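Asks: My questions all concern the structure below.
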Amino acid sequence: MSEINLENVEVAFDTPAGTVVAVSGVTQRVPAQGFVSLVGPSGCGKSTLLSVIAGLTKATGGQVQVGGKVVNGPDRGIGVVFQEDSTLPWRTVLDNVRFALQVAGVDKEGQLERARWAIELVGLKGFADAYPSMLSGGMRQRVALARTLALEPGVVLMDEPFAALDQQTRIFLGAEVRSIWQRSAQTVLFVTHDISEAILLSEQVWVMSYRPGQIIDVIDVDLPAE
Ligand code: ADP
Ligand code: ADP
């Protein structure tokens, strides 16, 4: 069971202009298999907090635990999806997903099986042999999602994965992410600057404020009966 526990997390950056406190005193919990959104204005510290949970940035204070283990570096059990298009253009959709599994040390047979499963999960079944350049931005983000989900991480962290897409595609993919989450056993933390997107998707919304990166409100969303 992969719950996320944040205990008094602080991140300060040393810059030529002085110390920038990006995250301050964050104590929160995402229950195992929960879906929490983190919202707040640009520059308030959302990406930094996500990066700390992913083990990509070191906290300068406090502690992060995922599944009861202290996070102090990247971990296979923690998957991340970023905003930027991170697909490899010279590899097909299938090979993009397979490559991630290969890097993770999955054997050849397992690579193919899990890549096909993940590609179908994100609705790209007919596009396994396509190259990313032939796909729309939304479809490329589906590839990025498939690549992360194929690793079957207990925790999925998403940093504005659809921010670069048009409104309609965003709503559509958001609903898809929610539906995939409902069918999986994953714990999800979703970063967005769009409060309506956050409320639509998640069970709980954390509201972060600008300087010094504190969570100032927690909203429990009443989910409609499915
Ligand atoms: P958000 O994701 O909410 O847009 P960020 O986490 O990217 O916010 O940034 C929070 C603050 O920390 C900003 O003031 C940003 O400039 C600063 N910051 C982020 N990363 C670094 C870094 N590597 N070095 C210095 N300052 C940083
Ligand atoms: P976002 O707003 O989408 O969270 P940013 O554009 O703020 O992302 O940051 C992109 C990258 O630049 C991140 O890796 C972040 O750590 C880094 N960064 C942000 N602000 C600064 C800064 N003031 N100094 C150095 N690096 C920074």
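Asks: Please list, by residue number, every one of the chymotrypsin sites (Phe, Trp or Tyr not before Pro) in region 1-103 that is coil in DSSP and has at most 12 other beta-carbon atoms within 10 Å.
Replies: Here the sparse-neighbourhood loop sites are TRP90.
Asks: Could you work out how much longer the chain between ASP107 and GLU7 gets when fully extended? Use 0.36 nm per residue separation minus the Cα distance between them, nm to one decimal.
Replies: 32.3 nm
Asks: Consider all pairwise Cα distances in region 28-101 and report the whole-number % of them above 19 Å.
Replies: That fraction is 49 percent.
Asks: Using the crude model of +1 on Lys and Arg Cβ and -1 on Asp and Glu Cβ, and no other charge, please compute the dipole size for the chain relative to its Cα centre, in debye to 20.
Replies: Charge dipole, the chain, about its Cα centre: 460 debye, nearest 20.
Asks: In Å, what is the Rg of the alpha-carbon atoms in region 15-157, and how long is Dmax?
Replies: According to the Cα coordinates of region 15-157, Rg and Dmax are 17.1, 52 Å.
Asks: Mean residue ellipticity at 222 nm from the helices of the chain, using -39,500 (n - 2.57) per DSSP H segment of n ≥ 4 over the full residue count, to the nearest 500 deg cm²/dmol?
Replies: So the helix-based figure for the chain works out to -9500 deg cm²/dmol.
Coordinate-derived values only; no laboratory data. All figures in this text were calculated on a predicted structure; none of them were measured in a lab. Every residue, glycine among them, receives a Cβ derived from its backbone with ideal geometry; neighbour counts consider all protein chains shown.
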